[in-house]
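Trainee: I have a structure here, written as C-alpha cells, and I will follow up with some questions on it.
The values are calculated or read from the model by the stated rules, or taken from the named source; none is laboratory data. Bear in mind the structure is a predicted one, so any value in this text is a computation, not a measurement. All Cβ positions, glycine included, derive from the backbone under ideal geometry; neighbour counts span all protein chains shown.
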Amino acid sequence: MKRKSMVMGLRGIVMMLVILCGLFFFVLLPAEGRNLTELEKDLAWAYWPCLIWAWLFALPVFGAAVPAWQIFGTLKEKGKAFCHENSRRFRLMALCCWCAAFIFLAGLVVLGSMGVGSGPLWFAVAPMLLLGLCAFGFACYAMSRLVQESAEMKEENELTV
C-alpha cells in the first residue's frame, strides 16, 4: 500500500468515526432520551443531566480525533512520523482517553446516586468502556514514549552523519 492511500484510508476512518459519534451524541442519544422520558415519566427530570453528561464525555472523544488526524498527516513522507510533535500528540490522545474515562465514571457515580441507570449499564457497558478507554490511553502513552525515543535517536543519527 502506498503512503498516500494509507494516509487517506486512516483519515477516512477518523472522519467516519467523527461523523458516527456526532450522529450518536447529537441525534440518536437526544431522540432516544426523549422517547425514554415519554415512556418513563418519573425519569423525565434526568433527560438534561444525562444528555449533558454524554456531551461532556463526547468532548475528549472528539478532541482525540484532532491529534490522530495530525499524526496520520505526518505519515505521508518517509521519516516524518518519528518527531517530537507526534510524541506530544500521542500524549494528548492518552490524556483525552483518560479524561473521557474520568467523565464517564464521575457521571455514573453522580447519576447512579440519583437513581438513574440500569443493570446492563453498570455491569456490562461501564467496565468494558472504562477498561477500553484506560487501555487505549496507556497504549497511546506507550506510543508517545516510543516515538519520543525514536525522534531522539533520529536526531542523534542526523548529527552523526
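Trainee: Output the residue which, of all residues in region 41-84 that are more than 22 Å from the chain's Cα centre (by Cα), of a type in the set (Gly, Ala, Ser) and part of a helix (DSSP H, G or I), is surrounded by the most Cβ atoms within 10 Å (Cβ to Cβ).
Mentor: 46
Trainee: Right, next: Among the residues of region 47-54, is there at least one that is within 30 Å of residue 3 (Cα to Cα), among the hydroxyl-bearing types (Ser, Thr, Tyr) and out of contact with any Pro (no Cβ under 7 Å at 6 or more places or on another chain)?
Mentor: So far as region 47-54 goes, no, none of its residues is within 30 Å of residue 3 (Cα to Cα), among the hydroxyl-bearing types (Ser, Thr, Tyr) and out of contact with any Pro (no Cβ under 7 Å at 6 or more places or on another chain).
Trainee: Still on this structure, please answer the following. If you check every pair at least six apart or on different chains, which have Cβ atoms under 7 Å apart with a residue in region 90-106 that is without any contact (Cβ under 8 Å) to a residue 40 or more places away in the chain first and a residue that is not in a helix (DSSP H, G or I) second?
Mentor: Filtered contacts from region 90-106: no entries.
Trainee: For the subset of region 1-21 comprising residues that are over 15 Å from residue 69 (Cβ atoms) and assigned to a helix (DSSP H, G or I), which member is modelled with the highest pLDDT? Full working, then the answer.
Mentor: Looking only at region 1-21, we keep the residues that are over 15 Å from residue 69 (Cβ atoms), and these are 1-5, 20.
Filter once more, keeping what is assigned to a helix (DSSP H, G or I): 3-5, 20.
On the way: 3: 85, 4: 88, 5: 91, 20: 97.
Looking at the filtered set, the residue picked out is 20.
Trainee: Further question on the same structure: If I go through region 90-111 residue by residue, how many of them are buried (at least 21 other Cβ atoms within 10 Å of the Cβ), touching a Cys at 6+ places or on another chain (Cβ under 8 Å) and of a type in the set (A, V, I, L, M)?
Mentor: 3
Trainee: Has region 149-161 got any residue that is in contact with a helix residue (DSSP H, G or I) (Cβ under 7 Å, 6 or more places away or on another chain), within 17 Å of residue 97 (Cβ to Cβ) and in a helix (DSSP H, G or I)?
Mentor: So in region 149-161, the residues in contact with a helix residue (DSSP H, G or I) (Cβ under 7 Å, 6 or more places away or on another chain) come out as 151.
After this cut, where a residue has to be within 17 Å of residue 97 (Cβ to Cβ) as well, the list is none.
Within region 149-161, not a single residue is in contact with a helix residue (DSSP H, G or I) (Cβ under 7 Å, 6 or more places away or on another chain), within 17 Å of residue 97 (Cβ to Cβ) and in a helix (DSSP H, G or I).
Trainee: Separate question: Can you tell me how many residues within region 37-77 are farther than 23 Å from residue 100 by Cβ and of a type in the set (A, V, I, L, M, F, W, C)?
Mentor: 5
Trainee: I need the full set of residues from region 103-122 which are in a loop (DSSP other than H, G, I, E, B) and either closer than 17 Å to residue 57 by Cα or not hydroxyl-bearing (Ser, Thr, Tyr) (or both), in order please.
Mentor: Quick first cut of region 103-122, residues in a loop (DSSP other than H, G, I, E, B) only: 114-118.
The answer is 114, 115, 116, 117.
Trainee: Since residue 87 meets every condition but one in (1) of a type outside the set (A, V, I, L, M, F, W, C); (2) closer than 30 Å to residue 8 by Cβ; (3) surrounded by fewer than 14 Cβ atoms within 10 Å (Cβ to Cβ), which condition does it not meet?
Mentor: Looking at each condition in turn, residue 87 falls short on (3).
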